[in-house]
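Where a number appears in this text, it was derived from the coordinates with a stated rule and is not lab data. On a predicted model such as this, the values are computed, not experimentally measured, just so you know. Positions of Cβ are generated from backbone atoms using ideal geometry, with glycine treated the same way; all protein chains shown enter the neighbour counts.
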Amino acid sequence: MSKLDSAFSALGDPTRRAILARLALGETTVMELAEPFSMSQPAISKHLRVLEGAGLITRRAEGAKRPCKLMPEALSEIDQWLAMLREALTANYDRLDALLAEMQTSTKEKKS
């Protein structure tokens, strides 16, 4: 559960979500990630450390460059957790639909 806590905490920041959206297009360097933001490269690096600590991205050294990429496994864990919630909600809605259908049938029978 602590991995999910870290991931959701990291996802709570709009800059980090934007960085992940960019990385969804493919691996890129820190400097390329910093371009669209009006913040310093060290500030972007801080965001990247949070994302890396949460297991959402990975960085590697390639000479002077530090390419970053998404970690699909981490996103898969989040998706599995959300799927569990979707299943629970679907079951609740299915029970509600059945109850409403039963109530409708009961009301029609009383009118007849």
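A few notes on this one:
- Whole-number percent relative contact order across the stretch 1-106, with pairs defined as alpha carbons under 8 Å at least 6 apart: 27 percent
- The label-point distance for Ala61 and Met84, in a model that sets each label 7 Å from Cα toward Cβ, rounds to 3.8 nm.
- Couplings for the stretch 50-65, taken from phi via the Karplus curve 6.51 cos²θ - 1.76 cosθ + 1.60 with θ = phi - 60°, read 5, 5, 5, x, 7, x, 7, 9, 9, 10, 9, 8, 9, x, 7, 8 Hz in order; Gly and Pro are left as x.
- Reduced Cα scattering model of the chain, Debye log10 I(q)/I(0), q = 0.17, 0.23 Å⁻¹: -0.82, -1.22
- Computed on the stretch 31-87, with alpha-carbon pairs under 8 angstrom and 6+ residues apart, the relative contact order is 19 percent.
- Here the calculated FRET efficiency for Ser106 and Lys3, from their Cβ-Cβ distance with R0 = 41 Å, stands at 0.30, rounded to the nearest 0.05.
- For the stretch 5-25 versus the stretch 72-110, the spacing of their alpha-carbon centroids is 29 Å.
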